[in-house]
Amino acid sequence: MSIFSIATSGLSAASLRVSVAASNIANVSTTGPLPASGAAAGAGSSSTSSAYPAAYVPLRVDQVDQSSGSTPGGTVATVSTVSPSYTAQSDPSAPYANQDGLVAAPNVDLASEFVQLATAKYSFIANAKVIQAYSETTESLLDIKT
């Protein structure tokens, strides 16, 4: 794998990390009804749950090195859901609150999301510098006169 490919895989991973963190931050307050808990759910609560959209399901980015093939290098980033995806939160005024006044709130840790944004920023800067150095080196090699 070339230096350019390695750096662009890092840029792509950083971009994905920013996108996921932004989505999680934007939807931190997107609550919904608590999921029915099997036999404990009454007929009224299951119909209420289906009448309203579910709470936002937060995402996370898992990034690993690309180590397959004879010339490993670069990184691969995948998106998965956070587990558990929600926490019970008190909001008795919500129309979809259960009999105890609880709703499902996304399990988003804002501090962690801002760390993800900072990580993406510095990863993006580092990979852009690699591309810049690669470009400058290639240019100087092509300018060699004998």
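Could you please find all residues in the range 76-93 being buried (at least 17 other Cβ atoms within 10 Å of the Cβ) and more than 10 Å from L34 (Cα to Cα)?
A77, S85
Could you list, in sequence order, the residues of the range 57-96 that are touching a Leu at 6+ places or on another chain (Cβ under 9 Å) and of a type in the set (S, T, Y)?
T78, S80, T81, Y86, S90, Y96
Would you mention how many residues in the range 102-118 are exposed (fewer than 14 other Cβ atoms within 10 Å of the Cβ) and in contact with a Gly (Cβ under 6 Å, 6 or more places away or on another chain)?
0
Filter the range 81-113 down to residues that are under 15 Å from V61 (Cβ atoms) and touching a residue at least 40 places away in the same chain (Cβ under 8 Å) and give me whichever is nearest to the chain's Cα centre (by Cα).
First, the residues of the range 81-113 that are under 15 Å from V61 (Cβ atoms): 81-83, 108-109, 112-113.
Retained after the next criterion (residues that are touching a residue at least 40 places away in the same chain (Cβ under 8 Å)): 108, 113.
Details: V108: 10, E113: 8 Å.
Taking the candidates together, the pick is E113.
Taking the range 94-137, which residues are polar (S, T, N, Q) and more than 30 Å from I3 (Cβ to Cβ)? Steps first, answer last, please.
First, the residues of the range 94-137 that are polar (S, T, N, Q): 98-99, 107, 112, 116, 119, 123, 127, 132, 135, 137.
Within the range 94-137, N98, Q99, N107, S112 qualify.
Criterion first (among the basic types (K, R) and surrounded by 12 or more Cβ atoms within 10 Å (Cβ to Cβ)) does K129 satisfy it? Step through it out loud before you land on a result.
Working: among the basic types (K, R): yes; surrounded by 12 or more Cβ atoms within 10 Å (Cβ to Cβ): no.
For K129, the condition - among the basic types (K, R) and surrounded by 12 or more Cβ atoms within 10 Å (Cβ to Cβ) - is not met.
Mind listing whichever residues of the range 2-20 are modelled with pLDDT of 95 or more, under 13 Å from A128 (Cα atoms) and polar (S, T, N, Q)?
Selection gives S12, S15.
The values are calculated or read from the model by the stated rules, or taken from the named source; none is laboratory data. Note that this is a predicted model, so its numbers are computed, not measured. Neighbour counts are summed over all protein chains in view; Cβ atoms, including those assigned to glycine, are modelled from backbone coordinates with ideal geometry.
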